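The values are calculated or read from the model by the stated rules, or taken from the named source; none is laboratory data. In this text, all values refer to a predicted model and were calculated from it rather than measured experimentally. Cβ: placed from backbone, ideal geometry, glycine included. Neighbour counts: every protein chain shown. For the accessible areas, the whole protein counts, side chains as well, though only heavy atoms, and no ligand, DNA or RNA atoms are used. Shrake-Rupley method; radii C 1.70, N 1.55, O 1.52, S 1.80 Å.
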Amino acid sequence: MNSIVYEQALSALVNEVTAVDSTEMIALMQVKGRVLAEDIVARFDAPLFDNSAMDGYAICDLEQKQWQIIDQISAGDPSKHIQLSRGQAVRIFTGAAIPQGTDAVIAQEDCELKNQFLRTGLDLKHMQHIRFRAEEYTLGDVLLDAGKVMSATDIGVATSQGYTYLNCVKKIKVCVFSSGDELQNIGNTLAENQIYDSNRLMLLSLLEEHGFDVIDGGILTDDLNSIKKQLKHAADHSDVILLSGGASVGDKDYSKIALQQLGKLHFWKLKIKPGKPFAWGQIAQIPTFLLPGNPVASWVTFLILVLPALKKISGLTHASYLPKRFQAEAHFELNKTCNRQQFMRGNISFIDGKIFAEISKNQGSAMLSTCSYSNALIVIPPETLVTQGQKVDVIYLSSN
Ligand code: AMP
Ligand code: MG
């Protein structure tokens, strides 16, 4: 079996998984965080009519010394069919349709008023302070692309075009299991040498945070038949299965065997630290991810491998499902090499226009508490030392 690096594993993984094709209509108020199943197209020009960008006066003929105010138009007023003649003006407010014959709008703070006449000391530009029909976009333009995750701003855009429901990709349902005889549920007292099952709640919460529906599968005991039975049941009731623990090479590590016997196992010798025992496969077309039991390794492999795959399955476009990776200046030294590619927990900070990376103190793959105060993973290639000020790759974890 060939060893592969993270980048190869990620691209193989996202190439193999396919996006769901079921869609549903979602009301605009519920659409935030959902993935668009089709492009949102402009139903009409924006703006729809020429209108004033200022509270002020619409005037006819820039060459005049003064203009006589003959009427007033507010935003939302039905058209009065006013036709301005030379030397005439109307009082106008922001968003109001400009009348025929307008040559410019003068902002009210630039006007002097006397009786029904206005003057200005300013040099006027032809058609200043007017927002023209279709200057932003025209009927039929694509405003939001299929595969985009709807943000609050996008909801504003769709609303401005009169949409009430949007066609979205159906949410996927992810079933999460933990495995190991040493695991105990919270609320119960720990027996000797037991530990609380922290991975499952962490993974369920991460999934919810990223907008997936979840099913809590509970704890699987280290027993091949019962693991198989429960995985098979989960494959009938969910779109994706996540299982942490038991993916390694110990005598009681049954999850890979279970997957192999139930469906298909794609196992790589992943040369990463933490996260070596990562595998995935399918049970009756249901993508199934086997994560390491060590909590940090579980957290890291979820973020760098599983999450991009889940986003692709959910219909996100290519650019938006890949991790946010860029370079930063090392604010640390590393004087010990590792033969695997390392994903060190750390923090990036933005100071005076530069990006700096620091690594956190405890890097052990069972030391989860460090992750609470890490906003990035610092990617160190195999056999590499790092000196202060050197450029290093970082993956930004926006939600931490
Ligand atoms: P495993 O991958 O099953 O060999 O487990 C590796 C290490 O992770 C062991 O120390 C396990 O006790 C621990 N571990 C496994 N599953 C969990 C879990 N759900 N929560 C916390 N620690 C776990
Ligand atoms: Mg185990």
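Residue 97 - would you say it is out of contact with any His (no Cβ under 7 Å at 6 or more places or on another chain), crowded, with 16+ Cβ neighbours inside 10 Å and more than 30 Å from residue 302 (Cα to Cα)? Judged against the criteria, residue 97 is a match. Against the list (1) more than 29 Å from the chain's Cα centre (by Cα); (2) open to solvent by 40 Å² or more (accessible area, probe 1.4 Å); (3) modelled with pLDDT of 95 or more; (4) within 11 Å of ligand 1 (Cβ to nearest atom), the condition residue 201 fails is (1). Looking at this structure, is residue 180 assigned by TED's automatic domain parsing to the domain that holds residue 221, out of contact with any helix residue (DSSP H, G or I) (no Cβ under 7 Å at 6 or more places or on another chain), touching a residue at least 60 places away in the same chain (Cβ under 8 Å) and open to solvent by less than 60 Å² (accessible area, probe 1.4 Å)? It is true that residue 180 is assigned by TED's automatic domain parsing to the domain that holds residue 221, out of contact with any helix residue (DSSP H, G or I) (no Cβ under 7 Å at 6 or more places or on another chain), touching a residue at least 60 places away in the same chain (Cβ under 8 Å) and open to solvent by less than 60 Å² (accessible area, probe 1.4 Å). The residues of the stretch 208-225 that are free of Cβ contacts under 8 Å to residues at least 40 places away in the same chain and either closer than 19 Å to residue 304 by Cβ or within 34 Å of the chain's Cα centre (by Cα) (or both) amount to a single one, 208. Given the structure, is residue 304 more than 22 Å from residue 196 (Cβ to Cβ), at pLDDT 95 or above and aliphatic (A, V, I, L, M)? So residue 304 fits the description; yes. For the stretch 31-68, a tally of residues being within 15 Å of residue 148 (Cα to Cα) and open to solvent by 30 Å² or more (accessible area, probe 1.4 Å) returns 6.
With a requirement of 2 or more residues that are within 16 Å of ligand 2 (Cβ to nearest atom), of a type outside the set (Val, Ile, Thr) and in contact (Cβ under 8 Å) with a residue 12 or more places away in the chain, the helices (runs of 4 or more DSSP H) lying completely within the stretch 234-342 that satisfy it span 255-262, 295-301.
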